[in-house]
Amino acid sequence: MSKTWGGRFSGETDSRVEQFTESIEIDRRLYRHDVTASQAHARMLAHVGLLSADEALQIVQALEGIAAQIERGEMVFSIKLEDIHTHIERALIERLGDLGRKLHTGRSRNDQVVTDVKLWVRDAIDELDQRLHDLQAALLGAAERNHDLVLPGYTHMQRAQPVLAAHYFLAYVEKYQRDRERLADCRKRVNVLPLGAAALAGTSLPIDREHVRKQLGFDSVAANSLDVSSDRDFLLEFVFDLTTIALHLSGWAEEWILWATTEFGFLNLPDAFCTGSSIMPHKKNPDVLELIRGKSARVVGDLQQLLVLVKGLPLAYNRDLQEDKRALFDAHDTVAASLELAAPLIEQTEFRRETIAARLEDGHLDATTFMEFLIKQGLPMRSAHEAVGKLVRLCEGRRCRLADLPPETYEAIRPGLGSEVYKSVGVANALHAFQSVGSTAPVEVDRQLRLWREKLIHHESTKEPEKE
Ligand code: ARG
C-alpha cells in the first residue's frame, strides 16, 4: 500500500515505525465526523469551482457509502494507512479513481483532525448534558421521595447539624448543574471551525470557509491558521470538565459506601448494583460505587496526560498531538459509563429510616441552633458558644442530650431560660429554626424543590431540541 505522502520517499517505511506511528486503532471512532467534515469540504470545493457540482455529488455519495461500509464492519483497517483520514481517503480513491484524489484539495490532515475531534466533542457535550440532566432528575426524584427524612449533616465526618434529605440531594443537583454550565461554556470554544487553516498557513486556493462553517453548524471561523492545528485548549477544558464530574461522582460514591456499612446502616443498596464475595456468603459489596470512585482516577490521569502533552509544544502541528485522542476517549467513556450507572442506582436505593431516626438525637446536632437561640436571647455569640460547649461537656459526662438536662442547669446560665430552652433543643426544633436563604429550612428546601422541578422536568422536557 503506497502512502498518501509517498512521492518524496524512495525507501519503504520500517514496519516498526508503522506500528509506532499508527493511530487507526484509536481514531477509527472518528469516522462519522471525518465523513461529515469531508462531505462539507467537497460541497464547498464545488461552490468555489474547484470541483464540478457532479464531482462533489459523487464524492458526497461515495463517502456515505464508505461510512456504511465501516458501520457494517467491512472496512479493512491497516496500520500501513496510519489513521482514519487516510483510510477514508484511500477508500474514496478506490471507489472514484482520480476524482477521489481531488478531495484533499485545500486542506491538510492538521486542520482535518482538529475539525473531526471538535465535531466529536460537540456531540459528546450534548450527550453528556442529557446524561447529567437524567442524573439530576434522579437526584430530584430521591429528594422528593425522601422529602420528610432528616439526616445528620457532617463536617470532618463528625456529626454537625441536621439536614433534610431533600437538601442533601439538591446539593448534588447544584454540583451537576455547574458541570453542565461548564460544558456549555466549553462548547462555545469547541464550536469554532478549524477547517481551512490547511497545514498551518492557510492556502492559495480560493476556498470558502464560511460555506463550510454553515454546513457544519460552527458559530465562527478560527481567525488564525497558525493557531488552529496546535490548539488543544478545548480538549484541556473538556477533559477538565469531565474530571470535575468524575470527582463529584467519586465523592458521592465514597459517602454512600460509608453509609451502606453496618456501622452507618443508612442505606439499602439495590441488589442489582452490588456483587457478592466468592468466599464470604453473607457479603453484599458496593462494587459499582467503588468503581465509580476508582475510575475517577483514570480521568484525572487523562487530564494530566493532556496537560503534559501540550507543555512545550512549539507552533504549529506536532505529531505529539496524535496522543490526545486516547486520553480524550478514555476520559469521556469512563465518565459516561459512571453517569449511566449513577442515576438508576440513586433511583433504586432506599434509606433505612428507622436506623437513621433511632440515632438522630446522638451527636448534638441541635447544639449550634441552640447556641443561636441564646444569641437571640441577647447573649454575645462567643459567650453563647462557650456556654453551650460547657453544656455539651456536661452531657458527654452524663451520657445524655441537651434536652435531658434539667431546667436548673439552664436557669444557671440565665434566669428564665429554664422554661424556654425545651422549645429549642432536640433535632426537630433545630431543623425548624433554620431560616436563611439556601439553608435546610423546610420552607426554603420546598422552594428549591419547586424551582428544580420546574427547571429540570417541566421546562427541559418541553423545550425544543436545539437546531444547528
Ligand atoms: N493522525 C494524526 C493525528 O491524530 C493526524 C494528523 C497527522 N498530520 C501529519 N502531518 N502527520 O494527529
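Every number in this text was worked out from the coordinates using simple rules, so none of it is lab data. What you are looking at is a predicted structure, and each value in this text was computed from that prediction instead of being measured. In this analysis, Cβ positions are derived from the backbone assuming ideal geometry, glycine residues included, and neighbour counts consider all displayed protein chains.
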Between Ser52 and Ile79, how many nm apart are label points set 7 Å from Cα along the C-beta direction?
4.3 nm
Once Val60 and Glu18 are pulled to full extension, the length gained, defined as 0.36 nm per residue separation minus their Cα-Cα distance, is 12.1 nm
Counting helices only, and only those DSSP H runs with n ≥ 4, report the 222 nm mean residue ellipticity of the chain as the sum of -39,500 (n - 2.57) divided by its residues, in deg cm²/dmol to the nearest 500.
-19000 deg cm²/dmol
Taking 7 Å along the Cα-to-C-beta vector as the label spot, tell me the Met157-Arg189 distance in nanometres, rounded to one decimal.
3.6 nm
Between Gly153 and residues 5 or more places away or on another chain, which pairs have amide H atoms under 5 Å apart, with H built 1.01 Å from N, and which residues are they?
Ala160, Gln161, Val163
When you have a sec, figure out the Kirkwood radius of the chain from all distinct Cα pair distances and drop it here in Å to one decimal?
26.6 Å
Could you order the peptides 71-80, 196-205 from most to least packed, using the average number of other C-beta atoms within 10 Å per residue?
196-205, 71-80
Could you calculate the FRET efficiency of Ala357 with Glu386 from 1/(1 + (r/R0)^6), where r is the beta carbon distance between them and R0 is 25 Å, rounded to 0.05?
0.20
Expected vector for segment 359-371, Karplus 3J(HN,Hα) from phi with 6.51, -1.76, 1.60 and θ = phi - 60°, integer Hz, x for Gly and Pro, equals 10, 5, 7, 6, x, 6, 4, 8, 4, 6, 5, 5, 4
For Val300 and Met280, FRET efficiency with R0 = 45 Å and r from the beta-carbon atoms, rounded to 0.05?
0.90
May I ask you to order 340-346, 182-188, 11-17, 399-405 by the average number of other C-beta atoms within 10 Å around their residues, highest value first?
340-346, 182-188, 399-405, 11-17
Could you order peptides 367-376, 82-91, 149-158, 229-238 by the average number of other Cβ atoms within 10 Å of their residues, highest first?
82-91, 229-238, 367-376, 149-158
What nm value, rounded to one decimal, do you get for the distance between Ser10 and Arg414 when each label is placed 7 Å out toward the C-beta?
9.9 nm
Kindly identify segment 161-229 as rounded, prolate or oblate by the Cα gyration tensor criterion: order the square roots of the eigenvalues as a ≥ b ≥ c, call it rounded if a/c is under 1.5, otherwise compare a/b with b/c, prolate if a/b is larger, else oblate.
prolate
